[in-house]
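The structure appears right after this line, and notes come after that.
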Amino acid sequence: MITNESPGGKIKGLFSNRIVFVLAVILAFLAFLYFSRGISIILTILIQVTIFSIITMSLNLESGYAGIPQFGRVAAVIAGAFAVGAIPGRIMAAFMGLPAGAEYASDTVNFKLVPEINALLASSWLVSLGFLIMCLVLAALSGALIGWLISRPAIRLKEGYLGISMLAIGDFFMWVGHNWNIIVGGSTPVNVPDPFRVFGTDRFTVIVPVFFVIAILIFIYLNKLTQSPFGRNLRMLRDNDLSANAAGLNIVKVRTQALVIGAAIAAIGGGLYVIYTGSVAAIGLTRLTFTFWPWAYMMLGGIGSNIGVFLGVFLLTILRTMIIIFRSTWFGFLLQVGIDPLWLEYTLLGAVIIIVILFMPHGLVPEKIAPMLPSKRIKKVLADRQAVSK
Amino acid sequence: MLTVKNLNSGYGKLQVLYDLNIEVPEKGLTVVVGPNGAGKTTLLCSIMNIATVFSGEITFGGEPLTGVVTHKLAQKGISYVPQMGNVFAELTVLDNLHMAGYMLSKAEANDKAAQMTEIFPVLKKFIHRLAGTLSGGERRMLAIAMGLMKNPKLMLLDELSTDLAPIIAERVMVEVARMRDELGITILMVEQMARRALEIGDTAYLLVSGEVRYSGQADSLLHEPELCSMYLGIKQTAGKGGSAKLSVSDEGSENS
Amino acid sequence: MAPWMSSGLIYASGLAMTAGSITLLYIVTRTFNFAVASMATIGFIVVYTGVSLYGGLPYQYYPFVLIIGAITGVICYYGLNRPLLYRKAAETTLMMSTLGYDLILLSLIQMYSDYLTYTFKLFPRRVTMSVFDFELYGESAATFILPITAIACLTILHFFLTKTKFGIAMRATIENPTLAGASGINSDRVYLVSWIISGSMAALGGSFMAMAMTGTPVMGMVTIPLMFAGAILGGLGNIYGGILGGMVIGLTEYAGVYFLAKQFGPWILGYRMGIPLFIMAATLLVFPRGLSGIPLGKIIKNLFGQKRGASA
Ligand SMILES: Nc1ncnc2c1ncn2[C@@H]1O[C@H](COP(=O)(O)OP(=O)(O)OP(=O)(O)O)[C@@H](O)[C@H]1O
Ligand SMILES: [Mg+2]
């Protein structure tokens, strides 16, 4: 009677084979990079992978599971980056009796202030940890707030309109940050106090596991979330607005929740990003890096699959890095006519999007919709039913 | 002339028709009747390659039609008058006629359009009005005229009488019969006015839930009281003598 | 003429063309075309290459702009849009695919710009195109030529859509693709032509905009939200609405910035993008279907007391 099991098992095997294969490719690339360039490049890649995995997972929640065309991912990332750039430093400054008002972000003050805060942070890992947690909480809160604000007008719009509106909102945020000096210094980047200063030269080596833990926690949370009834509602929404409505689902409410949670997570990603780079330059928070690349990661990895997202981010980050570090050796022919091979990053991005859409619409790891109950329970229920019917 | 063999089709993944076999004889009027949602429109859409054909064979005069794109079918002399959206509401009546005769040369199209306005004088009056501003009945006229524009060999008509006042509906039926008799056009007609359609039709198919439930002579379907009352809402009154007298209780309702 | 008016008019004409291009493609193929961004930049690059390598006026290179714009459109249709349309892809997929195409075009534009710099010592990264213009009645000639060119293009487009058989077939396909197909109209041809028209419109629009703003390889990428805003403001229902929407967005941006900066100081310049977006949001609140949703016809008919036809 229970035939579900064997094909399910087969498909599972197929998936994990594909995952194993992609992982092997990734490891091969990493080994190659390690032996040709040393450990530092590996650390950089790993840090970027964690940050962008977080951002892309949030995108996956909104676009992959809920089917919202989130073309303004950068807005929430900006919210997190600005929050971390503007607030925790000021709080520390206020504690230490330093200027914490509008002048905190001015370029003549900021570059003297932040080293003082850093000195305090470097003195104790406990303070540093507290500072880090404060950053993350602030980022998540401001992200959630922005997500909620955006959801108000946007949620009732249709597919394309919604996507375009979000895109415009994201751009507008960037311009506000770029021009309004007192948030993050406008066109002169504001520095971010560094909670990893305690570790001195081991800074990157410590950042990797810490960020990884954060990413894993978010991964677990999202997995729980998408397998809960809420996740089922999201998918129902995505697959058919109409029937979801008929089933008595409050579409606006479910979508709003998805947007708020997604934005909070993306904002954490934005916060981590500026902690890692050590400064916030509004003009650098572009839709190209924080909306379009995450879309490509998600599409390559497989819409609706967080494992896929991770693989997609990993693979593409490595390719991007390789273009950057090998640009003069591999693309010398371009340099000879004065062309900067860095533009190939755009080509790669565009090509990935197109190839995935045309030839592998389900990505590396297609979405696998797990039953709501564990298979053992289902088996038991079925067996019980059979027993009753006999 | 048109043969449908073992047709399985539907929309996307949804299957609507199951193993359908239909034979439309040349210069005949074939009527398809059935309750709402039976798949009558889907049958016509499958022939026109608008719905998704999963398997089966459709041939027209011996030529296979499966997989031929819709606009090529029009060039082969098949014209289709859909149930809904059968005129271009934002174009004028004249432009509608010209679009319907898209493959004709300019002179031919003008001739033909003039001919149509003669057959349907209403259209002449409104020739420069937008089709969207026509009344329901006038629109049907236009739709039929559009179907005739390209000198079709085969016409697929989907529920022509819907929306029409009974008198006009009757006129349309007469018109359809004339198209067969005088112009020699092969017609496959889906109709909810089952009794009238079966009276003028030659062969008939009763479609229920995507399957053929009856096929044969059109008027003999009227002598199947069970099928008639169950699916077509035709009640048989105790007639005097041999020929059964019929009364229509409720056109096109899904009685069970 | 006030200083904002001249450049505002030029800019708005360009934005109108790009918004019209987006709208046309959307109503025919349901594709929100991101690639309009790079197509517009290509328009600028072509004119810039022309005037700086071969001299002359910007206007004489417009035919090339039209042709190259059309070619980029055709490539996108055959390479990308057509297979997806046959597959009945979702709106978001169609939109994403044009984004991929846009990024590839962008990278090519950037490489070409590098090449121009290296080989010909030209700097397409910060260009004031208006220096190539001549003066007419104390204004730059573009102030008159470009709006007139835009209107001429529109008139031609209008004529094409209402008077030619293929144009009418295009409108028929837009309204009812099924019936159009059953009538023997080849929708493939219709899609192709709409890509050609919309590609050339976008490129021409970009070359217009470059006469008012600083020409850069990312100018399309930066202004694409405004192009979309224009199209959305126009209601995405008909091309004329889109063109009107682009015009309104362009003019309000320039006028708004000018007057607000006079009122509150030059810091407002940094937020100029907010003005058109605000206009868009406000309009959509009042008329959810954009400018073309305003029942102008009805209003006029009511004004003149005509009796209405039996509308469907
Ligand atoms: N475009 C479509 N997509 C998905 N399902 C459809 C579509 N059109 C029709 N259906 C479904 O296919 C079934 C058959 O529909 P069809 O239109 O063929 O019925 P019909 O016999 O013409 O009915 P009616 O007498 O009401 O016109 C119905 O269940 C309908 O819901
Ligand atoms: Mg029907």
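The values are calculated or read from the model by the stated rules, or taken from the named source; none is laboratory data. In this text, all values refer to a predicted model and were calculated from it rather than measured experimentally. We place every Cβ from the backbone using ideal geometry, glycine too, and count neighbours over all the protein chains shown.
Assorted remarks:
- Test for A:Y221: is it closer than 18 Å to A:A76 by Cβ and surrounded by 16 or more Cβ atoms within 10 Å (Cβ to Cβ): no
- Residues in the stretch B:209-218 that are within 17 Å of B:E23 (Cα to Cα) and outside any strand (DSSP E or B): B:G210, B:A218.
- A:I150 within 15 Å of A:A267 (Cβ to Cβ) and crowded, with 22+ Cβ neighbours inside 10 Å: yes
- Residue within the stretch C:132-141 that is touching a residue at least 24 places away in the same chain (Cβ under 8 Å), within 19 Å of the chain's Cα centre (by Cα) and part of a helix (DSSP H, G or I) present: no
- Contacts under 8 angstrom Cβ, first residue in the stretch C:100-114 being within 7 Å of another protein chain (Cβ to nearest Cβ), partner among the acidic types (D, E) and surrounded by fewer than 24 Cβ atoms within 10 Å (Cβ to Cβ), 6 or more apart: C:S107/A:E345; C:Q110/A:D340; C:M111/A:D340; C:D114/A:D340
- Any hit, the stretch B:197-208, residues being within 16 Å of ligand 2 (Cβ to nearest atom) and assigned to a helix (DSSP H, G or I): yes
- When residues of the stretch B:19-52 are limited to those that are more than 27 Å from B:R196 (Cα to Cα) and in contact (Cβ under 8 Å) with a residue 40 or more places away in the chain, the one farthest from ligand 1 (Cβ to nearest atom): B:D19
- Evaluation of C:P217 against (1) part of a helix (DSSP H, G or I); (2) at pLDDT 90 or above (one fails), failing number: (1)
- For A:L249: the one exception among (1) part of a loop (DSSP other than H, G, I, E, B); (2) touching an Asp or Glu at 6+ places or on another chain (Cβ under 9 Å); (3) not acidic (D, E): (2)
- Exactly one residue among C:Y240, C:Y191 is assigned to a helix (DSSP H, G or I), out of contact with any helix residue (DSSP H, G or I) (no Cβ under 6 Å at 6 or more places or on another chain) and within 14 Å of chain B (Cβ to nearest Cβ), and that residue is C:Y240.
- Screening B:E57 on (1) at pLDDT 90 or above; (2) within 16 Å of ligand 2 (Cβ to nearest atom) shows it passes everything except condition (2).
- Residue-level check: of (1) over 26 Å from C:L179 (Cβ atoms); (2) within 16 Å of ligand 1 (Cβ to nearest atom); (3) buried (at least 17 other Cβ atoms within 10 Å of the Cβ); (4) charged (D, E, K, R), B:E211 misses just (3).
- Wholly enclosed strands (runs of 3 or more DSSP E) of the stretch B:1-53 bearing at least 3 residues more than 15 Å from ligand 2 (Cβ to nearest atom), more than 17 Å from B:P64 (Cα to Cα) and more than 14 Å from chain C (Cβ to nearest Cβ): B:14-24
- On the stretch given as the stretch A:224-234, residues that are free of Cβ contacts under 8 Å to residues at least 60 places away in the same chain, in a helix (DSSP H, G or I) and surrounded by 12 or more Cβ atoms within 10 Å (Cβ to Cβ) total 2.
- Hits in the stretch A:22-44 - residues which are in contact (Cβ under 8 Å) with a residue 12 or more places away in the chain and either loosely packed, with under 13 Cβ neighbours inside 10 Å or under 17 Å from A:G301 (Cα atoms) (or both): A:V22, A:L23, A:V25, A:I26, A:S40
- The set of residues from the stretch C:72-87 being farther than 13 Å from C:S194 by Cβ and not hydrophobic (A, V, I, L, M, F, W, C) comprises C:T72, C:Y78, C:G79, C:P83, C:Y86, C:R87.
- Taken together, the residues in the stretch B:121-154 that are within 21 Å of the chain's Cα centre (by Cα), surrounded by fewer than 19 Cβ atoms within 10 Å (Cβ to Cβ) and in contact (Cβ under 8 Å) with a residue 24 or more places away in the chain amount to 4.
- Only a single item in (1) under 14 Å from C:I45 (Cβ atoms); (2) within 14 Å of chain A (Cβ to nearest Cβ) is not met by C:V127, and it is number (2).
- Filtered by the rule that a residue be of a type in the set (V, I, T) and touching a Leu at 6+ places or on another chain (Cβ under 8 Å), the stretch A:181-206 gives A:V198, A:T205.
- Selection status of B:A38, surrounded by 23 or more Cβ atoms within 10 Å (Cβ to Cβ) and touching a strand residue (DSSP E or B) at 6+ places or on another chain (Cβ under 6 Å): yes
- Boolean, A:S165 is under 26 Å from A:G262 (Cα atoms), within 10 Å of chain C (Cβ to nearest Cβ) and of a type in the set (S, T, Y): yes
- If you filter the stretch C:1-27 down to residues that are crowded, with 23+ Cβ neighbours inside 10 Å and among the β-branched types (V, I, T), you find that the one that is nearest to C:G235 (Cα to Cα) is C:T23.
- Of the helices (runs of 4 or more DSSP H) lying entirely inside the stretch B:75-171, the ones with 2 or more residues being at the interface with another protein chain (Cβ under 10 Å from one of its Cβ atoms) are found at B:93-100, B:106-119, B:136-149.
- Criterion violated by C:F166 - all others in (1) away from chain A (no Cβ under 14 Å); (2) aromatic (F, W, Y); (3) part of a loop (DSSP other than H, G, I, E, B) satisfied: (3)
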